[in-house]
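The values are calculated or read from the model by the stated rules, or taken from the named source; none is laboratory data. This structure is a prediction, so every number in the text was calculated from the model and none was measured. Heads up, the Cβs are rebuilt from the backbone with ideal geometry, glycines too, and the neighbour counts pull from every protein chain shown. Surface areas here come from the heavy atoms of the whole protein model, side chains and all, with no ligands, DNA or RNA. Shrake-Rupley method; radii C 1.70, N 1.55, O 1.52, S 1.80 Å.
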Amino acid sequence: MLISIPNLLNPEQLTEIRQILDSTDWQDGRLTVGTQAATVKRNRQLPEGSESLAHIRAIVTQALGNSALFFSAALPLKLLPPFVNRYEGDENYYGNHIDNAMRSHPKGGFVRADLSATLFFSEPDEYDGGELVIEDTFGTQRIKLQAGSMVLYPGSSVHQVTPVTKGCRLASFMFIQSMIRSDANRRILFEMDTAISALRQRHGESDELVRLTGSYHNLLRAWADS
Ligand code: NI
């Protein structure tokens with residue numbers, strides 16, 4: 001299941017991030033991937049330990065924490081600190097790959113990448129190409145969102161970023177371990193939660209809605225890791 005989260009960042013947060021990225025140092029994106037991915041990856045990333053990266057991580061993490069849609073769709077348990085990348089000039093693509101399943105967290109332990117996410121920092125008209133192409137169960141999806149918006153997709157998907165042929169594509173990408181390991185079960189919970197919220201908005205509270213909400217939580221109780 002692919003889910004777009006429009007305007008995850010507000011305009012002030014986006015402006016702040018773009019200002020940070022106007023004057024910062026980058027490193028070769030191949031430093032953070034496995035051997036297969038390294039053969040197809042050509043981009044730049046903010047280095048671990050950079051002040052710019054720490055600042056952007058704080059903004060993005062706060063925005064994620066404020067998004068009810070992100071919580072409902074991802075049911076996040078652990079988040080690997082987000083990365084920031086740039087596609088421009090000769091370093092402009094990332095060929096087909098699957099993200100590593102297990103990522104070591106800088107503070108110890110591992111994060112299982114159940115979900116991957118891309119948060120766009122550049123507007124679609126700032127660059128040509130640079131589409132995120134994801135092979136989903138419903139076919140191939142080509143994604144290029146407005147700056148400040150994010151797409152969430154299963155970590156198990158084969159995906160790529162097509163060459164940026166003009167301009168510059170700035171984005172954050174991140175990996176999330178969900179309380180719900182199974183994509184299918186997570187989808188059931190997301191659709192149920194969305195429907196319950198819509199019913200509650202339309203008709204107000206009712207005994208049936210209390211029971212349906214209870215069923216949602218009982219499924220979560222049955223399936224969730226903690
Ligand atoms: Ni990837």
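Distance from the C-alpha centroid of region 52-91 to that of region 2-45: 9 Å, rounded to the whole angstrom.
Length gained on full extension, Arg18 to Glu126: 37.6 nm, using 0.36 nm per residue less the C-alpha separation. Arg112 sits with roughly 30 Å² accessible to a 1.4 Å probe, with DNA, RNA and ligands left out of the calculation.
Computed over the alpha carbons of the chain, Rg followed by Dmax gives 18.2, 60 Å. The trypsin sites (Lys or Arg not before Pro) found in region 160-194 that occupy coil by DSSP, while having at most 16 further C-beta atoms within 10 Å, are Arg181. Where a ≥ b ≥ c are the square roots of the eigenvalues of the C-alpha gyration tensor, would you call region 105-158 rounded, which needs a/c under 1.5, or, failing that, prolate if a/b is larger than b/c, or oblate? Oblate, since a/c reaches 1.5 and b/c is not below a/b. Computing FRET efficiency as 1/(1 + (r/R0)^6) for Ala38 and Ala195, where r is the C-beta to C-beta distance and R0 is 30 Å, gives about 0.10.
Electrostatic tally near Ser182: other residues with Cβ closer than 13 Å to its Cβ, Lys and Arg +1, Asp and Glu -1, net +1. Oblate is the label for region 3-101. Its Cα gyration tensor axes, ordered a ≥ b ≥ c, give a/c of at least 1.5 and b/c at or above a/b. With a 10 Å cut-off between alpha carbons and a GNM built on the chain, which of Val84, Val210, Val164 moves the most? Most flexible of the set in this elastic network: Val210. Shown are Asp183, Asp114, Asp22, whose ranking by accessible area with a 1.4 Å probe and every protein chain present, most to least, is Asp22, Asp183, Asp114. Less than 5 angstrom separates the built amide H of Glu131 from those of Thr162, all sequence-distant by 5 or more or on a different chain. With contributions of -39500 (n - 2.57) from each DSSP H run of at least four residues, the per-residue ellipticity at 222 nm computed over the chain stands at -10500 deg cm²/dmol. Largest first, the residues Met102, Met179 sort by 1.4 Å accessible area into Met102, Met179.
Other residues with beta-carbon under 11 Å from the beta-carbon of Pro81 carry, at +1 per Lys or Arg and -1 per Asp or Glu, a net charge of +3.
Mind running the shape call on region 32-75? Use the C-alpha gyration tensor, a ≥ b ≥ c as the square roots of the eigenvalues: rounded below 1.5 for a/c, prolate if a/b tops b/c, oblate otherwise. Since a/c reaches 1.5 but b/c is at least a/b, the shape of region 32-75 is classed as oblate.
Expressed as a whole percent, the accessible area of region 30-189 that falls on carbon and sulfur atoms is 53 (1.4 Å probe). With Cα atoms as the point set, the radius of gyration and Dmax of region 100-226 evaluate to 18.2, 57 Å. Rolling a 1.4 Å probe over the protein chains gives Thr194 an accessible area of about 70 Å².
At the residue level, Glu12 shows approximately 130 square angstrom of accessible surface with a 1.4 angstrom probe and all protein chains present.
In this structure, Glu205 and Ala68 have a Cβ-Cβ separation that, at R0 = 22 Å, corresponds to a calculated FRET efficiency of about 0.75.
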